[in-house]
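The values are calculated or read from the model by the stated rules, or taken from the named source; none is laboratory data. Quick caveat, the model's predicted, so the values are computed rather than measured. Cβ coordinates were reconstructed from backbone atoms using ideal geometry, including for glycine residues, and neighbour counts include every protein chain displayed. What goes into the accessible areas is simple: the full protein's heavy atoms, side chains included, and nothing from ligands, DNA or RNA. Shrake-Rupley method; radii C 1.70, N 1.55, O 1.52, S 1.80 Å.
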Amino acid sequence: MTGAKTTADVQLTVGEQYLALETVQATAGNHGIVMAPLNAQTGMVALDPGFLNTAACTSKVTFIDGEAGVLRYRGYPIEQLAGESTFLEVAMLLIRGELPTRHELEAFEARIDKHMYLSDDFRQIFSVMPRRAHPMATLGAAVNMMAGFYPESLDPLDPAAINLATALLLAKMPTIISYIYRRAQGNALLYPQHGQSYIENFARMTFQLPGERFEVPEVFYRALDTLLILHADHEQNCSTSAVRMIGSARANLYMSVSGGVSALSGPLHGGANEAVLEMLSYIRDSGITPLDFMTRVKDKAGGLKLMGFGHRVYKSYDPRAAIVKQHADAVLEALGVRDELLDIAYEVEQVALSDDYFIERRLYPNVDFYTGIIYRAMGFPASMFTPLFALGRLPGWIAQWREMVADPSGKIGRPRQVYVGPGLRDYVPLAVRDPR
Ligand code: SDX
């Protein structure tokens with residue numbers, strides 16, 4: 001565990017016992033109380049379902065200030081990175097901790113370019129996956145299978161293997177996602193072209209139709225690259241925590257990331273961007289007004305949530321949502337797309353931000369609220385939105401996994417519990433329990 005420890009300046013009294021606990025000073029945000037002595041000295045454990053008050057680790061990768069709506073990757077504000085950087089440069093920043101030199105970035109881009117190709121054996125995976133399978137199911141399976149195809153990059157204690165797995169994942173994930181989409185569309189799988197950029201290759205492999213040139217305005221590539229930057233990391237969110245937990249058992253990077261894909265698929269997490277489009281389409285198609293819909297949300301009818309709203313950490317506007325919203329109009333106009341769902345989204349936001357129910361609960365748009373509108377304008381179906389989130393989040397998963405593996409004080413993740421089940425009792429054989 002890194003971070004400046006302080007002397008015992010937190011006291012905890014448990015019955016007759018008095019614990020002096022150390023703290024770890026944050027460079028920004030919440031300081032941490034080191035709970036290590038708690039169980040050994042009191043026999044008690046800290047109970048914190050959903051980890052609302054519990055830090056699982058110290059980290060230097062990403063910082064969020066939920067009150068101020070601040071997000072920084074390795075200290076750099078998301079607004080500056082989204083406006084001036086590229087996804088692969090941000091990936092290097094997250095993974096290495098510093099912005100690359102021009103030579104370093106060009107060498108990294110060339111390494112990624114070299115590995116975007118998938119062997120014909122690997123491509124067979126997509127032909128056996130059911131067309132109706134949700135893309136996240138296929139994505140998780142394909143990422144897992146990378147452990148089988150690239151055994152030389154598995155050892156989590158070998159820096160060369162970790163660096164190779166890092167490059168292979170970043171290089172092949174866009175190819176895998178494009179193949180998932182093309183399989184669902186019944187189109188042939190294309191090959192990456194050396195010399196095309198990461199984003200150009202991904203877009204072309206995804207959308208190019210047989211016998212046609214693939215041409216889109218530059219704003220398409222810039223918007224897609226920016227969306228990936230916005231999703232690149234986000235502290236210890238559900239999927240990143242899953243990646244860390246799996247990796248703490250010394251599982252390899254591929255199988256750890258596959259667990260992150262699984263966690264991200266949930267509609268309360270990365271699956272929300274798809275759920276937002278379904279929600280907006282429902283409002284449009286059912287003829288109800290956003291106000292009618294919000295009334296149902298406030299009545300908690302069947303646990304109905306306003307998808308794309310609320311956040312465990314942000315209790316103000318998610319800075320990523322603000323950036324996406326700024327881009328939405330410009331991207332749709334540049335792509336020549338009019339989407340009434342965007343108008344409905346604006347109206348939903350206006351109703352929510354002026355309604356006490358949402359204000360009291362500090363519910364604001366999060367990163368998922370507007371992203372689907374832009375993905376849809378680009379031609380992606382809603383089922384592909386969460387795989388796009390996974391592509392964006394990949395550098396963050398990798399950076400956090402590497403940070404965890406490199407921590408010399410790291411331990412396998414094994415939370416405790418508070419048992420509230422039955423006390424000791426003896427087994428009663430069936431013949432006695434329930435005689436014929
Ligand atoms: C992501 O953690 C990350 O960083 C995640 C993420 C990342 O980049 O990795 O930012 C990506 O997952 C964004 C979130 C996407 N999910 C959604 O948009 C789904 C809708 N949102 C909610 O399910 C919810 O807001 C969560 C899951 C995001 C956060 O839930 P919490 O922190 O556990 O909050 P909670 O469920 O305890 O809610 C507190 C109150 C409750 O009301 P009361 O019981 O007090 O009356 O707020 C209500 C909730 O019912 N509430 C909502 C709501 N979110 C919370 N009510 C209606 N609609 C919502 N969206």
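For the range 330-428, which trypsin sites (Lys or Arg not before Pro) are in a loop by DSSP, counting at most 13 other Cβ atoms within 10 Å?
Sparse-neighbourhood loop trypsin sites (Lys or Arg not before Pro): 338, 361, 362, 411, 416, 425.
Calculate how steeply helix 319-334 sits against the longest principal axis of the alpha-carbon atoms of the chain, using the helix alpha-carbon long axis, and give the answer as 0 to 90 degrees to the nearest 10.
Once rounded, one gets 10 degrees.
Computed over the Cα atoms, what is the radius of gyration of the chain divided by 2.2 N^0.38 Å, N being its residue count?
Here the answer is 1.07, to two decimals.
Please give the net charge around residue 81, taking every other residue with its beta carbon less than 13 angstrom from that of residue 81, where Lys and Arg add +1 and Asp and Glu add -1.
-2
At residue 105 and residue 340, where each label point lies 7 Å from the Cα along Cα→Cβ, what is the point-to-point distance in nanometres?
Using points 7 Å along Cα→Cβ, the separation is 4.3 nm.
Which pairs break 30 Å Cα to Cα here: 305/325; 60/298; 60/315?
From 305/325; 60/298; 60/315, over 30 Å: 60/298.
Could you please report the charge total around residue 222, scoring K, R as +1 and D, E as -1 over all other residues with beta-carbon less than 13 angstrom from its beta-carbon?
Details: positive: none; negative: 84, 200, 218, 225.
Taking every Cβ under 13 Å from that of residue 222, the sum is -4.
What does the helix-only formula give at 222 nm for the chain: each DSSP H stretch with n ≥ 4 adding -39500 (n - 2.57), the total divided by the residues, and the result rounded to the nearest 500 deg cm²/dmol?
Theoretical 222 nm ellipticity from helices: -16500 deg cm²/dmol.
Who wins for biggest fluctuation among 181, 364, 150 in a Gaussian network model of the chain, springs between alpha carbons below 10 Å?
Residue with maximal mean-square fluctuation among 181, 364, 150: 150.
What is the spin-label model distance, in nm, from residue 189 to residue 292 if the labels are put 7 Å beyond Cα along the C-beta direction?
Here the modelled spin labels are 4.6 nm apart.
So what is the accessible area of the range 1-99 per residue, in Å², with the probe set to 1.4 Å?
Ligands and nucleic acids excluded, the result is 59 Å² per residue.
Taking the solvent-accessible surface of protein heavy atoms with a 1.4 Å probe, what is the per residue accessible area of the range 145-273 in Å²?
37
Based on the alpha-carbon gyration tensor of the range 192-256 and its eigenvalue square roots a ≥ b ≥ c, which shape applies: rounded if a/c is under 1.5, prolate if not and a/b is larger than b/c, or oblate?
prolate
Can you give me the angle between helix 218-230 and the longest principal axis of the chain, using Cα atoms only, in degrees from 0 to 90, rounded to the nearest 10?
Result, in degrees: 10.
Say we join alpha carbon atoms closer than 10 Å with springs in a Gaussian network model of the chain; which of 126, 293, 87 then has the biggest fluctuation?
Of 126, 293, 87, the most mobile in the Gaussian network model is 293.
Taking the chain as a Gaussian network, where each spring joins two C-alpha atoms under 10 Å apart, which residue of 260, 372, 83 fluctuates the most?
Top of the fluctuation ranking is 83.
How big is the gap, in Å, between the Cα center of the range 84-135 and the Cα center of the range 373-404?
12
Just grab the label-to-label distance for residue 213 and residue 80, each label 7 Å out from Cα along the Cβ direction, in nm (one decimal).
Going by the 7 Å Cα→Cβ label model, 3.9 nm.
With charges only on Cβ, +1 for K and R and -1 for D and E, what is the dipole size of the chain about its Cα centre, in debye, rounded to 20?
Numbers: 40 positive and 47 negative charges, 266 e Å.
So the magnitude is around 1280 debye.
For the chain, which whole percent of the accessible surface, found with a 1.4 angstrom probe, sits on carbon and sulfur atoms?
Numbers: 11740 of 21640 Å².
Exposed carbon and sulfur together represent 54 percent of the surface.
Under 14 Å from the Cβ of residue 414, count the other residues' Cβ atoms, weight Lys and Arg +1, Asp and Glu -1, and hand me the total.
Charge balance near residue 414 sits at +4.
Could you sort 51, 202, 63 by accessible area so the largest value comes first, with the probe set to 1.4 Å?
Descending accessible area places them as 51, 63, 202.
When a/c reaches 1.5 or more, the comparison of a/b and b/c decides; with that in mind, is the range 36-177 rounded, prolate or oblate per its Cα gyration tensor?
Taking the square roots of the gyration eigenvalues as a ≥ b ≥ c, the range 36-177 is oblate.
Taking the alpha-carbon centroid of each part, what is the distance from the range 313-342 to the range 261-282 in angstrom?
17
Considering the convex hull of the alpha carbon atoms of the range 290-436, report its projected area averaged over all viewing directions, in nm², one decimal.
Projected over every direction and averaged, the Cα hull of the range 290-436 covers 17.4 nm².
Applying the Karplus parametrisation 6.51 cos²θ - 1.76 cosθ + 1.60 with θ = phi - 60° to the phi angles of the range 347-361, what ³J(HN,Hα) value in whole Hz is obtained for each residue in order, glycine and proline being reported as x?
With coefficients 6.51, -1.76 and 1.60, one gets 5, 4, 4, 4, 5, 5, 6, 10, 10, 4, 4, 7, 5, 4, 8 Hz.
Aspartates and glutamates within cross-link reach of residue 114: Cα-Cα under 19 Å, excluding same-chain residues under 8 positions apart?
Here the aspartates and glutamates satisfying the reach criterion relative to residue 114 are 89, 104, 106, 152, 200.
Please identify every one of the chymotrypsin sites (Phe, Trp or Tyr not before Pro) in the range 395-436 that sits in a loop by DSSP and has no more than 16 other beta carbons within 10 Å of its own beta carbon.
In loop regions of the range 395-436 (DSSP not H, G, I, E or B), the sparsely surrounded chymotrypsin sites (Phe, Trp or Tyr not before Pro) are 419, 427.
About the Cα centre, and with charges only on the beta carbon of Lys, Arg (+1) and Asp, Glu (-1), how big is the dipole of the range 48-130? Nearest 20 debye, please.
Dipole of the range 48-130, to the nearest 20 debye: 180 debye.
Once both axes come from the Cα atoms, what is the angle between helix 87-96 and the longest principal axis of the chain, in degrees from 0 to 90, rounded to 10?
Its long axis makes an angle of about 30 degrees.
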